[in-house]
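The values are calculated or read from the model by the stated rules, or taken from the named source; none is laboratory data. Note that the structure is a prediction, hence the values are computed from the model and not measured. When we count neighbours, we look across all protein chains shown, and the Cβ atoms used for this are built from the backbone with ideal geometry, even at glycine. Note: accessible area is taken over every heavy atom of the protein model, side chains too, but ligands, DNA and RNA are not part of it. Shrake-Rupley method; radii C 1.70, N 1.55, O 1.52, S 1.80 Å.
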Amino acid sequence: MKKKLISALLCVAMVSSMLIGCGSGATEAPAAEAPAAEGEAEAPAAEAPAAEESAAEAPAASADGGKVYYLNFKPEVDAQWQEIAAAYTAETGVEVKVVTAASGTYEEVLRSEIAGTDAPTLFQINGPVGYQNWKDYCLDLTNSELYNALSDKGLAVTGADGGVYGVPYTVEAYGIIYNDAIMQAYFATDGAKAASVDEINSFAKLKEVVEDMTAKKDDLGIQGVFASTSLLPGEDWRWQTHLANVPVYYEYKDNNVGDMAEITFKYSDNFKNIWDLYINNSTCAPGLLGSKAVTDSMAEFALGQCAMVQNGNWAWGQISDVEGNTVKEEDVKFMPIYTGIAGEENQGLCTGTENFWCVNSQASEADQKATLDFVNWMISSDAGKEYMVQSLGNAAPFSTFGDDEKPSDPLAMEMFRYMENGKNSVTWNFTTFPSQAFKDDFGAALLEYCNGNMTWDDVKDLVVTRWAEEKAATAE
Amino acid sequence: MEKTLKKYFLIFTLPTVIAFAFAFLIPFVQGVYLSFCKFTTVSNATWVGLKNYQDAFSGGQGFMSALGFTASFTVVSVITINLLAFTIALLLTRKIKGTNVFRTVFFMPNLIGGIVLGYTWQQMINAVLYKYETTIVANAKFGFWGLVLLMNWQMVGYMMIIYIAGLQNVPTELIEAAKIDGATPWQTLIKVKVPMVMSSITICMFLTLSNSFKLFDQNKALTDGAPMKKTQMLALNIYETFYGRTGYEGVGQAKAVVFFIIVVAIALVQLSFTRSKEVEQ
């Protein structure tokens, strides 16, 4: 009896270890990180690209024309892209395959996919640094209709030879998102430090208001002014990338350059200003921030537990989709990120893009042509434009889009308002940040600062030295 | 018989040999080759010689500190896992009521994947630390012991099964003889049972050692190296070298080759050591 049991158990052990072995490769990465993606089929795990390819491969292309294979960056719009691909194939007969990389794995998936025989013909880079990585694969788009339709030619990624290698397909903006209902409730309280949001046009004023709001948080029914400053590993991009862009923008501006091999982090104190304000007026204690994810922050905002959160217009979906959200559409507004830099009264939102389309230069000519036709269809045909604006929510920077062809969610509307109200937009300079390793180290230092293990001077030193090291390392 | 075996050896092993070659040998050889190259995609590489290996060991790469953390983690977890697993196995080979239930329960964690476990334990540990207004990433010690706890929880059950199988194969004559000779239970354990289950110990030591050394999923999910890469293990360090920075794919590859050599060396030393202690039954 006992022997039988043992053997049975051992069998279970054996089988289970096999199951674990098989199961983990296919499901872990996408399931854990990209709930929005449509399971394994569309989001290949980095470990198993070969298996995925054969599974997802559609019938071969028609004999004459090429085919399109788009490696999509945004898991949140995967379903929309599949729909677009099907619609385009139905209309033109050209095969379009869209694969979405799981959140945070785009570079890995692109690396393995592009080395294969059925490589993506259309992919995206995140700016000059990404171009440096993929320049061997980027087709010169100077004469393409896509580039010619771009309304601001300066937005495109250009190479050393003057060619155009990446064309942005959307413009995005970020700043401090606030809940106007809570702000109005605050302005109505006794001794409010401001009477309207328009009066908040500098860091000093923002600080005054925020600290007063924290003091009155019980009356306002909030747990803190700012949503928790998410510092869980991998969830810190709002700070080490987006917030860090502000001081770097001003440092570039002072030096009249668009990139620097070494920075002095001249405006580190300004970063510290807003950072301290964020973490000390938050919904939780600074020591707990290491357990918070971006979705936690957005949920807090959507549920009305806080009045402000730093994020971009892409976050509207995350706010509106939260179950039981209490924030009204008309109350969601943007405010610039003030850090106490001279002249910031005229500062607008941080506006730019890190989504550039590139056409694979090593694909066959037929495929390249099919791909260019496809993107051209996206920006010029009525159906394509409809998808761009309504399904994908892209604020497309192309002259082919009329004034009425813009996304209409509240944050996008706010973005257009800021673009048109004469304020100076802060450009996205984080596309020149040296590497992911630099950003990760910066984020780790911010976490250490919150936990009291590092002083601000340590953080500043780390940023300066790591920037120089990483710039040197990647320049080789 | 021998002859026929030899004759058909190739035919019968061919499928496995082919699979092994495609899934292991070819990628392995290519991987070693790539460690001497600078590349972005595997099909487009240029030879740079030993430069990647030099870079791999330079200061900013964190390879040595990851090695240190991995080594101390491995030592602690190998000892704790095996001690715990053996103790539980001893308890569950006595005739206690509900032995089967216990065995199943202890074995269950092994059925859950590493990433899931990592996130689950992260939540649980953070929930406990919440009381002290801190998190698992606040201090490298939390991460270290969290990882040890996680690995114990996951692997003890599996090792326990192997030990149980070993213990049940100890001939009862030997134990009875020892009893008649007046051996205490402790003496029976040390002088009879342990030498007799030495082959199980070899297997368990090998499994825990190599699994702890190669740990990746759990490390990535639980702390992802935070704070400041102080809880980063070798596999994670290699992964981040490969993907963290443009132009460092080759360095990551070089590290991976070094990692492979270390793992093989340790495994061989450990195997020959524990094997020498095994006794014929």
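Overview of values
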| item | result |
| --- | --- |
| Every residue from region A:240-269 that is among the small types (Gly, Ala, Ser) and surrounded by 16 or more Cβ atoms within 10 Å (Cβ to Cβ) | A:ALA244, A:SER268 |
| Region B:143-168: number of residues that are free of Cβ contacts under 8 Å to residues at least 60 places away in the same chain and either surrounded by fewer than 20 Cβ atoms within 10 Å (Cβ to Cβ) or more than 11 Å from chain A (Cβ to nearest Cβ) (or both) | 3 |
| Counted residues, region B:113-141 - those being surrounded by 14 or more Cβ atoms within 10 Å (Cβ to Cβ) and either of a type in the set (A, V, I, L, M) or not in a helix (DSSP H, G or I) (or both) | 14 |
| Candidate set: region B:119-142, residues that are more than 9 Å from chain A (Cβ to nearest Cβ) and charged (D, E, K, R); chosen: the one nearest to B:LEU91 (Cα to Cα) | B:LYS141 |
| Some residue of region B:224-239 being of a type in the set (D, E, K, R) and not in a loop (DSSP other than H, G, I, E, B) | no |
| For B:GLN218: the one exception among (1) without any contact (Cβ under 8 Å) to a residue 60 or more places away in the chain; (2) within 14 Å of chain A (Cβ to nearest Cβ) | (1) |
| Residue within region A:215-228 that is farther than 27 Å from A:ASP190 by Cβ and either within 24 Å of the chain's Cα centre (by Cα) or among the basic types (Lys, Arg) (or both) present | yes |
| Looking only at region A:94-117, and only at residues there that are assigned to a helix (DSSP H, G or I) and open to solvent by 20 Å² or more (accessible area, probe 1.4 Å), the one that is nearest to the other protein chains (Cβ to nearest Cβ) | A:GLU107 |
| Residue in region A:440-469 that is nearest to the other protein chains (Cβ to nearest Cβ), counting only those that are touching a Gly at 6+ places or on another chain (Cβ under 9 Å) and not aliphatic (A, V, I, L, M) | A:ASN451 |
| Search result, residues across region A:58-93 that are at pLDDT below 85, not in a helix (DSSP H, G or I) and not hydrophobic (A, V, I, L, M, F, W, C) | A:PRO59, A:SER62, A:ASP64, A:GLY65 |
| Which listed residue, of B:GLY252, B:GLY247, is in a loop (DSSP other than H, G, I, E, B) and outside the structural domain of B:SER35 (by TED's automatic domain parsing) | B:GLY247 |
| Check on A:MET413, assigned to a helix (DSSP H, G or I), touching a helix residue (DSSP H, G or I) at 6+ places or on another chain (Cβ under 7 Å) and not polar (S, T, N, Q) | no |
| Residue selected from region A:356-400 under the condition over 23 Å from the mean Cα position of the chain (by Cα) and assigned to a loop (DSSP other than H, G, I, E, B), by the criterion farthest from A:THR142 (Cα to Cα) | A:SER381 |
| Residue that is within 30 Å of A:ALA192 (Cβ to Cβ), more than 23 Å from the chain's Cα centre (by Cα) and among the aromatic types (Phe, Trp, Tyr), where the choices are A:TYR278, A:TYR267 | A:TYR267 |
| Residue in region B:184-198 that is part of a helix (DSSP H, G or I), within 11 Å of chain A (Cβ to nearest Cβ), among the aliphatic types (A, V, I, L, M) and under 17 Å from B:ILE81 (Cβ atoms) present | no |
| Only listed residue being more than 22 Å from B:ILE266 (Cα to Cα) and away from chain A (no Cβ under 11 Å), chosen from B:THR99, B:THR87 | B:THR87 |
| Region A:434-476, residues that are out of contact with any Pro (no Cβ under 9 Å at 6 or more places or on another chain) and among the acidic types (Asp, Glu) | A:ASP441, A:ASP457, A:ASP458, A:ASP461, A:GLU476 |
| Selection from region B:57-79 of residues that are at pLDDT below 90 and assigned to a helix (DSSP H, G or I) | B:GLY59, B:GLY60, B:GLN61 |
| Of all residues making up region A:397-427, the number that are open to solvent by 20 Å² or more (accessible area, probe 1.4 Å) and over 19 Å from A:VAL332 (Cα atoms) | 12 |
| Filter pass, A:THR241 being in a loop (DSSP other than H, G, I, E, B) and modelled with pLDDT under 95 | no |
